[in-house]
Structure formats: C-alpha cells, structure tokens
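To start, the structure under review is shown below, and the notes come after it.
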Amino acid sequence: MDQRVIGRLGQQVSVVGLGTWQLGADWGDIDDKDALTVLEAAAEAGVTFFDTADVYGDGRSEQTIAAFLRARPDLQVLVATKMGRRVEQIPQNYALDNFRAWNDRSRRNLGVDRIDLVQLHCPPTPVYSSDEVFDALDTLVDEGRVAAYGVSVETTAEALTAIARPNVASVQIIFNPFRMKPLREVLPAAEKAGVGIIARVPLASGLLSGKYTKDTVFAADDHRTFNRHGEAFDQGETFSGVDFEAGVEAAAEFSALAPEGYTPAQSALRWIIQQPGVSTVIPGARSPEQVRANAAAAELAPLSDATLTAIQDLYDRRIKDQVEGRW
C-alpha cells in the first residue's frame, strides 16, 4: 500500500489507516475476539496507522490495540490516540496536569513509554488559541511522553487556527464527498505548512456505503441512533451532520456514480485519497471483509475527471447547504 508522511511527525503511514472508535463503543457491541480479527486483517492488508482515543470504550480500544501489537512484535504500526474528552468540556480543563494524567493512562493502556502521536480530542474552540495549551503539549514532547502532537477538530476554522501553530504535526478533520469544505482552505494551508491531514468519518458514518434505507434501524447503543441530532456530542460526528433521510437519498445517487469494479465505499475513499494534502484516511470496520475492502481502495485507479465533476455536482445540489454553515 502507498505510504505517505504525516506532516511534521516525519513518519510514513499507509494511505488507508484504521479508525478504532467502533472497537471500543458507540457502534453497537463487538467482542474482543472480533476486534482482534479486525486488527489482524488490517495489518495483513498493509495498514500501518491505527487511530484510537482514551474514551473509546473507556480505554478498551487502546487496550485491544496493545494486546494485538504485543502478539505481533513483527509489525511496525504507528498508533495515534486522543485525549481531552474525559472531563467537562471547558477550556480550563485543558491544562498540563490533566495532560500528564491522561497521558499516563493512555501509555498504560497502550503498553508503551512514549506515544507516537497524541491529539487533542475536539476540544472547546478557545483551546486552539491558547498559548498555554500548546506550551503544555510541547512539555509532553520534551518529557519524552509523546513523539508528536496534533489536534482533532470539528470545524474548518479550528483547523486553520491549529495549522498556524508551529509544532502541530497533524490535523484530523471530517472530510468526505459529503463534507467538502476543507478542500478550499484547510488542505492547501496544511500542505503549505507541512502539517499532516488525517481524514476521519470518511464514509459519513456508513451513509456513503449506499447500504442504508430510510427504514434502517441501528442499535440503541449506536451513535447513529442516540446522536442523530447532536444529543450526546457534536452532530457532525454522526452522518457528517447530514440529515439521515436526505442523506440516504443523496447516497443512492452517489452509489450510482461508482465506476465499474468499485463499491460506493471504495469510491468515497478513493475520492479522499486523491485529494492533495491528505496523509491518511481512517475508515472504521467491524469485520475483516470491511477492512480488506477499505484497504483495496488504495489500489484502485483514481476517479476520472467526469466522476469527480459529478460528485461535486451532487454535493452542491444536495449536501452543501446542510453542512457548510456549521462546520
């Protein structure tokens, strides 16, 4: 699989990584054995970047990754985690003492002395403008706790503020054919600054797979049920902020644009991969089959200009007005 450098981190990772939110919580239940088979399938497919967070299953996702990598010392996988969502979301909680405590916990969960990449986990907007916050992150690097740090953001404005920081290695942002706004400013700014872009929610919580209908029912403990309107956290995390019923209709049109030999999900991933400035894209997966299909998108030919134009037209007609004003 193609390898790309994550910005100022200076390390190469597979262009298709693995998001592991679903191995911890909020996507319905998955047992430990199934979670390990997903990680194994990812490694066998050439995936060398796992993204997790300390709140995914209250540490379960981190612990599962650690158990897998202990059993596979032959693998070279860059593990990125996130911190900040374990406390009330007020700027004052993003302070050095908390950072150290969260970092200690994640290092225990992951079984490492130093974390490859730690990211602020969608903190309150004022955090991105705080010199004290980024001084504290620099301290974590100086103390050898982390190799580098980045941010995970909700909005393009937050991304641009973070990119201006001199030691931010990466920005993780929702980016897919139903969330195109980062194309205009964020990706060019990151590329110019040497900051890596980690594209998350690449399938719009599964919408872009084309598998759902308006009658699809998700489990009660799946965020696609309990956060559909932003009840638990930012609405943009669920279906990229797109109204589900409208999204199903748009996804059917998107599916029809998939070239022969591509699944709709692979078309979405291929669209992301070929955008300049993207370091890696991190689809989740609940089965080895999904992992292998996602990884295969990296080997497909780039989408044609005609397909790209049709995808842009679909976004402009059906999606743009739903999402661009908020994110």
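The values are calculated or read from the model by the stated rules, or taken from the named source; none is laboratory data. Keep in mind it's a predicted model, so treat the numbers as computed, not measured. As a convention, Cβ positions derive from the backbone with ideal geometry for all residues, glycine included, and neighbour counts pool all protein chains shown. Protein only, heavy atoms only, side chains kept; ligands, DNA and RNA dropped before computing areas. Shrake-Rupley method; radii C 1.70, N 1.55, O 1.52, S 1.80 Å.
Taken over the stretch 286-309, the residue count meeting the criterion of being small (G, A, S), surrounded by fewer than 16 Cβ atoms within 10 Å (Cβ to Cβ) and in contact with a helix residue (DSSP H, G or I) (Cβ under 9 Å, 6 or more places away or on another chain) is 2.
Okay, residues lined up against (1) in contact (Cβ under 8 Å) with a residue 40 or more places away in the chain; (2) within 28 Å of A301 (Cβ to Cβ); (3) of a type in the set (S, T, Y):
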{"residue": "R228", "(1), (2), (3)": "no, no, no"}
{"residue": "G241", "(1), (2), (3)": "yes, no, no"}
{"residue": "A246", "(1), (2), (3)": "yes, no, no"}
{"residue": "A251", "(1), (2), (3)": "yes, yes, no"}
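Has the stretch 83-90 got at least one residue that is buried (at least 20 other Cβ atoms within 10 Å of the Cβ) and under 21 Å from T156 (Cβ atoms)? The answer is yes; a qualifying residue exists.
Screening E40, E62 for residues that are in contact with a Leu (Cβ under 8 Å, 6 or more places away or on another chain) and touching a residue at least 40 places away in the same chain (Cβ under 8 Å) leaves exactly one candidate, E62.
Set side by side, the residues E191, E154 differ, and just one is surrounded by fewer than 24 Cβ atoms within 10 Å (Cβ to Cβ), touching a strand residue (DSSP E or B) at 6+ places or on another chain (Cβ under 9 Å) and not in a loop (DSSP other than H, G, I, E, B), which is E191. Number of residues in the stretch 105-119 that are in contact (Cβ under 8 Å) with a residue 12 or more places away in the chain and either in a helix (DSSP H, G or I) or open to solvent by less than 20 Å² (accessible area, probe 1.4 Å) (or both): the value is 9.
Each residue in the stretch 110-154 was checked for being farther than 15 Å from R85 by Cα and either acidic (D, E) or modelled with pLDDT under 95 (or both), and 8 pass. Residues considered: D221, D243, D215. Of these, the only one that is open to solvent by 50 Å² or more (accessible area, probe 1.4 Å), acidic (D, E) and modelled with pLDDT under 95 is D221.
Go through the stretch 120-133 and give me each residue that's part of a helix (DSSP H, G or I) and open to solvent by 10 Å² or more (accessible area, probe 1.4 Å).
Step one: list which residues in the stretch 120-133 are part of a helix (DSSP H, G or I), which gives 125-129, 131-133.
Answer for the stretch 120-133, where residues must be part of a helix (DSSP H, G or I) and open to solvent by 10 Å² or more (accessible area, probe 1.4 Å): T125, P126, S129, D131, E132.
If I go through the stretch 48-59 residue by residue, how many of them are part of a helix (DSSP H, G or I) and open to solvent by less than 60 Å² (accessible area, probe 1.4 Å)?
Here the count works out to 3.
Counting only residues that are crowded, with 24+ Cβ neighbours inside 10 Å, part of a loop (DSSP other than H, G, I, E, B) and among the aliphatic types (A, V, I, L, M), the stretch 1-42 holds 2 of them.
From the list A71, A80, A45, the lone residue that is within 17 Å of N294 (Cβ to Cβ) and either surrounded by fewer than 16 Cβ atoms within 10 Å (Cβ to Cβ) or under 20 Å from the mean Cα position of the chain (by Cα) (or both) is A45.
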